[in-house]
1. Which one of the conditions (1) crowded, with 17+ Cβ neighbours inside 10 Å; (2) farther than 22 Å from residue 241 by Cβ does residue 649 fail to meet, given that it meets all the rest?
2. Of the conditions (1) touching a helix residue (DSSP H, G or I) at 6+ places or on another chain (Cβ under 7 Å); (2) closer than 25 Å to residue 610 by Cα; (3) within 16 Å of ligand 1 (Cβ to nearest atom), residue 299 clears all except one; give me its number.
3. Looking at (1) modelled with pLDDT under 85; (2) at negative phi; (3) surrounded by fewer than 19 Cβ atoms within 10 Å (Cβ to Cβ), can you tell me which one residue 597 breaks?
4. Among residues belonging to region 122-143 that are at pLDDT below 90 and either in contact with a strand residue (DSSP E or B) (Cβ under 7 Å, 6 or more places away or on another chain) or not assigned by TED's automatic domain parsing to the domain that holds residue 54 (or both), point out the one that is farthest from residue 168 (Cα to Cα).
5. Which ones in region 270-297 are touching a residue at least 60 places away in the same chain (Cβ under 8 Å) and either surrounded by fewer than 19 Cβ atoms within 10 Å (Cβ to Cβ) or in a helix (DSSP H, G or I) (or both)?
6. Could you say whether any residue in region 183-195 is crowded, with 22+ Cβ neighbours inside 10 Å, touching a residue at least 24 places away in the same chain (Cβ under 8 Å), in contact with a helix residue (DSSP H, G or I) (Cβ under 8 Å, 6 or more places away or on another chain) and in a loop (DSSP other than H, G, I, E, B)?
7. So which residues in region 446-485 are away from ligand 2 (no atom under 16 Å from the Cβ), more than 28 Å from the chain's Cα centre (by Cα) and assigned to a loop (DSSP other than H, G, I, E, B), if there are any at all?
8. Restricting attention to region 423-445, report how many residues are within 16 Å of ligand 2 (Cβ to nearest atom), buried (at least 20 other Cβ atoms within 10 Å of the Cβ) and at pLDDT 80 or above.
Ligand code: ADP
Ligand code: MG
């Protein structure tokens, strides 16, 4: 493949800069997609697509130029231009230099009588005819007119040392050269049916479209192909996982399950029972389970997981339960103790802070099959723990467990059953796209008697009064702050500073502090005290956001609520409303940041996690929520799974049809597609039957 150095103006130095952007060959450059487009035409088309930004540009004959000083440091070069629509003015700004004339080049280029194009930002949004100038091009400079002005212009992610202008010129050359990578790989019939433009045409038009329509077509084409490839990769991955034989079978003996059920003290909801049935059916199958259990905060996922682990234990198999944090693992250990007491099931907690001897003992017991259920954090589980016969992996994902980590865990226990639990539900299409290798169970119903937590915005004073009120009634309160210690970011309150203040405020009551940097033993004691009602007010960071279950806690105060994401706010709110009293969540915003108003409004409007999650995806975009771009698990450059939901639907439909007609994509017309799929995903996802 031709190196980027083949291009005019690109030597070893520039090549290194391109390398930083992952561009080494002409093919790379051709597929270095713009992140946006600017409309630099003098008369843009009507009804532009939403992703095409109008960019101020003026063209005309220069009437006069003026060189001005302002404060002595800054110099301004003003150009007055006679345009088709009247007089316009553009100002270039430069820092003064005593050593040379900073405007020498400009004065030489921009002489009265010349016809010039100037782009920039309007000095006043109402007067587009006054620009703070950015780039200029002479009308006599024919190549510039092909790439930089008078057309729709691509906007690329850049790096220090590579200007927008240089990048556009480089890509333009790459487009002229054409590239092997632009060859089409979709079966022609499919491209035709979906009315996709040819790939080489799209590869040109995505950078330098002739008009709005061409740009939309090119964009659509690449979004579609990226999503189709990803959907195919998931399907193949799923088939691969399911082709394995577990080599063990289960029998529902009920010698543990029945006493467990009898001692619960409540009836399973029908949603829980349904999920358990689906899980048991998977566990009894010959191929390994890969199932995602979605259920809102407090919907009772733990009992479902316990049932699965007991089925494994009844059959002599070991299970591991992985929690996102140590605090949570400890909480679960306590909860398990309550549910499993007297059943004769052997369970243990493995955290990073066990003493060496304790750890050694647990590891030996695990290897010797003397432990049925191991509880730990995601990290502990993945790091070299040996089981005698691990048959079930349960991951309490909450919203912290990345796509990558999950893949790693799955890779470990190929033959074990795997159950992943999440409180962050996602729309069906997104599920198919992100967890395409899993099956789905949903708990849609809450245990009876739950009352929604009333959520409002409040001032800090009102929130503290409310807290005092609850405590006076014998209830308990959480007060959350975004950081542990005060930082330079003065608008964020911290646990340590506020704890001292609140101790005085709630004089005579027991106030405690909890944050992630406390020694583990201390954290544990605080949690135990709070659970036992020996602490009235718990001043904490987000560490308490998941898993903590204290029925007597009825008020959650979240300070600097503008700093928290929707998922976190919802999780925090889920800590209250767990008992027989009415509960409240008060959001104290100390400032407005970004889309915080939207988030807080969403919190006030609904307490339903499914609805919130949809709103979250709408507010932030799926890429950000799920951390997909950073993870690089998928090859998506143009597509955004939440924004492009409709195209994803189509891609999934086409995937089904393709695989139904040609399961291994071995037919002649599918060979290029298979080839492409192999190049992109075989190594990344370890897809063995794609070779
Ligand atoms: P999550 O789905 O958020 O993990 P948990 O499993 O922690 O929820 O359950 C929340 C609380 O509801 C726990 O105290 C649990 O014992 C209780 N619970 C679970 N299922 C039921 C049920 N069917 N009826 C009543 N309470 C239940
Ligand atoms: Mg839970």
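1. Condition not satisfied by residue 649: (1).
2. Condition not satisfied by residue 299: (1).
3. (1)
4. So, considering only residues that are at pLDDT below 90 and either in contact with a strand residue (DSSP E or B) (Cβ under 7 Å, 6 or more places away or on another chain) or not assigned by TED's automatic domain parsing to the domain that holds residue 54 (or both), the one farthest from residue 168 (Cα to Cα) is 124.
5. Residues of region 270-297 touching a residue at least 60 places away in the same chain (Cβ under 8 Å): 270-272, 274-275, 278-279, 282-283, 288-297.
Hits for region 270-297 are 270, 271, 272, 274, 275, 278, 279, 282, 283.
6. Residues of region 183-195 that are crowded, with 22+ Cβ neighbours inside 10 Å, as a first pass: 186.
Now restrict to residues that are touching a residue at least 24 places away in the same chain (Cβ under 8 Å): 186.
Of the ones still in play, those that are also in contact with a helix residue (DSSP H, G or I) (Cβ under 8 Å, 6 or more places away or on another chain) are 186.
So of that shortlist, the ones also in a loop (DSSP other than H, G, I, E, B) come out as 186.
Checked against the condition, which is being crowded, with 22+ Cβ neighbours inside 10 Å, touching a residue at least 24 places away in the same chain (Cβ under 8 Å), in contact with a helix residue (DSSP H, G or I) (Cβ under 8 Å, 6 or more places away or on another chain) and in a loop (DSSP other than H, G, I, E, B), region 183-195 yields at least one hit.
7. Selection gives 448, 449, 451, 458, 459, 473, 474, 475.
8. 3
The values are calculated or read from the model by the stated rules, or taken from the named source; none is laboratory data. Quick caveat, the model's predicted, so the values are computed rather than measured. FYI the Cβ positions are ideal-geometry reconstructions off the backbone, even for glycines, and counts take in every protein chain you see.
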